[in-house]
Amino acid sequence: MTAPTSETSKEIGGPATRRTVLALGAAAASTVVTIRPALAQTAGSVLNCEIPIPSPQAGGNYIAADGSLVPAGTAGAYPPAPRPITGEEAKALLNGSATPSGLDAEASQAYANYIRRLQAGMSGFTCYASLQMPR
Amino acid sequence: MAGPRYIADPQALARNVALDGLTAIFHAPSGLTHLLAPPAPQILAALAGRPGSAEEVLARIAESFELEAANPADAIAARLAELEAVGLVAKT
Amino acid sequence: MRHRLDLRIGPVSYRIGSAWPEPLAELRRLYRNYPAAEAVCDFTVRLEPERPWRRYLRPSVAIRGDYTLPDAAPLPLTLGLLAAEMGMNLQMALGQKRYLLLHAGSVERDGRALILTGHSGAGKSTLAALLGERGWRFMGDEFALLDPATGLLHAFPRAISLKNAALALFDGADPARLGPVLRGTPKGTIRHLQPPAEAIARMDQPARPALILFPRFGRDLDPATRPVGAAEVFVRLTQASTNYVALGARGFDSLTSLVTTVPARAIDYRSSEEAVALVESAWAELR
């Protein structure tokens, strides 16, 4: 892509060329964005959802402070939440530590970490995914 | 120093559309859509069906563009790593 | 299932089954002017008791059907109509493969479609409904259906879901078009409004998309109109679509074609009057 132009002549006596500048970006920059499915977001907006903590398949496991599942009665771990958390409560909890009504504040932090660790296939995942803001 | 060589499959990148400064690409093998900012599309073009190391990619792009970078080698390596991570280029 | 109702809205037909008669009675009234459904329905919705005894004891409606979300919470029977509408939305969101679905309102004039898209609560549903009362042909408030083969937008005019403050805007509407006031829903107070007769009569007429708007309502906003670049429109619409990824290459071709051929604007407004005025002037600018 070259075109002669007297404005950008860089070489005296030589052919004046103007080429498009291409910045390569800083090493830490990001130049690729992958479109992720928005299914959960939009479906979540059309439905009322809940997140059981932990999922019913987890048996009697307790929730450690970091949100992982541990055997019942493990020291420092919290018992399952007495009721599922609604999508709205989860959003508030994940944003600013607003404890859902009726739940213990410390336990709720562990529950928040459990929610953050939810993966596809676990009960409550679709609800959690629907809370994510689009990038 | 040559370093690893990469290649992009032109068939897999056939669906690409310019969207005000960015390039949307449908990667057929994965079914994923990616949005690319320069110089990523130019790097893909330089590797479409033609293997190349980071150095060779730099040279190919420099044929058409005035390159701007504090550290071109680092920048190209970073871009190639990004493209490899999403499967748009592969080591060959 | 004890009770059944078949409905057709645009190109999509539903079979809705219910363990209780009340939700279907309300639904039948809201859709009484719609054409008959096809013999074979595209989707099934089932309103079922969460547990067998919840059919009678504190009746609780679980939304089931061809497609279901396992962590959806049941609704009380008093909100059965809402459960049915949510169920219909869910079947579309999860099961629609023929059309690219956009989470958007749409209206038509002179064979051209205006697409109103944005986050829940931004105002797109209300604005679509308002324009439907101001001379535009209402095509839908929740989903817009883009045909990948033709690029045309197909109408899907379900009962319009008015929420909270928007209810007051339609106080003057013919009561025969209004459903019951539903309080205490997950999204606040909701009331359904039947689309205008013309919208129902013409629901099988598609339209060519001509303008995409991102409406934003806010009492503190200054009225404004800004262009939105194609890349931004593309990304926002992929986030507003439940089946973009599932449609693969067809979805890509369809959406890139839309954003490269149809202009887009963001509009901010403080009132219905300002909204309609901004829409009309953006539309007038089109060639």
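Some observations on this one:
- Number of positions in the stretch C:92-108 that are assigned to a helix (DSSP H, G or I) and either in contact with a helix residue (DSSP H, G or I) (Cβ under 8 Å, 6 or more places away or on another chain) or within 18 Å of C:Ala128 (Cβ to Cβ) (or both): 3
- Taken as a whole, the stretch C:7-21 holds at least one residue that is at positive phi and either outside the structural domain of C:Arg202 (by TED's automatic domain parsing) or surrounded by 20 or more Cβ atoms within 10 Å (Cβ to Cβ) (or both).
- When the test is whether a residue is away from chain B (no Cβ under 14 Å), at pLDDT 95 or above and in a helix (DSSP H, G or I), C:Ala210 does not pass it.
- Checked across the stretch C:60-83, the condition of being in a helix (DSSP H, G or I), touching a His at 6+ places or on another chain (Cβ under 9 Å) and assigned by TED's automatic domain parsing to the domain that holds C:Ser18 holds for at least one residue.
- Residue, farthest from C:Leu237 (Cα to Cα), within the stretch C:109-124, restricted to residues that are modelled with pLDDT under 95 and outside any loop (DSSP other than H, G, I, E, B): C:Lys124
- Extreme residue, nearest to the other protein chains (Cβ to nearest Cβ), among residues of the stretch C:49-92 that are polar (S, T, N, Q) and either surrounded by fewer than 18 Cβ atoms within 10 Å (Cβ to Cβ) or within 29 Å of C:Leu145 (Cα to Cα) (or both): C:Asn89
- Exclusive hit being facing another protein chain (nearest Cβ under 9 Å) and free of Cβ contacts under 8 Å to residues at least 12 places away in the same chain, set B:Ala77, B:Ala85: B:Ala85
- For B:Gly49, the stated conditions hold: it is in contact (Cβ under 8 Å) with a residue 24 or more places away in the chain, more than 10 Å from chain A (Cβ to nearest Cβ) and out of contact with any strand residue (DSSP E or B) (no Cβ under 6 Å at 6 or more places or on another chain).
- Condition broken by C:Ala246, with the remaining ones in (1) touching a His at 6+ places or on another chain (Cβ under 9 Å); (2) within 14 Å of chain A (Cβ to nearest Cβ); (3) hydrophobic (A, V, I, L, M, F, W, C) satisfied: (1)
- Condition met for B:Thr33 (touching a helix residue (DSSP H, G or I) at 6+ places or on another chain (Cβ under 7 Å), more than 7 Å from chain A (Cβ to nearest Cβ) and assigned to a strand (DSSP E or B)): no
- Residue tally, condition more than 8 Å from chain B (Cβ to nearest Cβ), crowded, with 20+ Cβ neighbours inside 10 Å and not aliphatic (A, V, I, L, M), over the stretch C:213-235: 3
- Residue within the stretch A:87-97 that is under 29 Å from C:Leu75 (Cβ atoms), surrounded by 14 or more Cβ atoms within 10 Å (Cβ to Cβ) and in contact with a Pro (Cβ under 6 Å, 6 or more places away or on another chain) present: yes
- Test set (1) out of contact with any Gly (no Cβ under 8 Å at 6 or more places or on another chain); (2) farther than 28 Å from C:Leu247 by Cβ; (3) more than 9 Å from chain A (Cβ to nearest Cβ); (4) surrounded by 17 or more Cβ atoms within 10 Å (Cβ to Cβ) - B:Pro4 fails condition number: (4)
The values are calculated or read from the model by the stated rules, or taken from the named source; none is laboratory data. Please read these numbers as outputs of a predicted model, since none were measured by experiment. Every residue, glycine among them, receives a Cβ derived from its backbone with ideal geometry; neighbour counts consider all protein chains shown.
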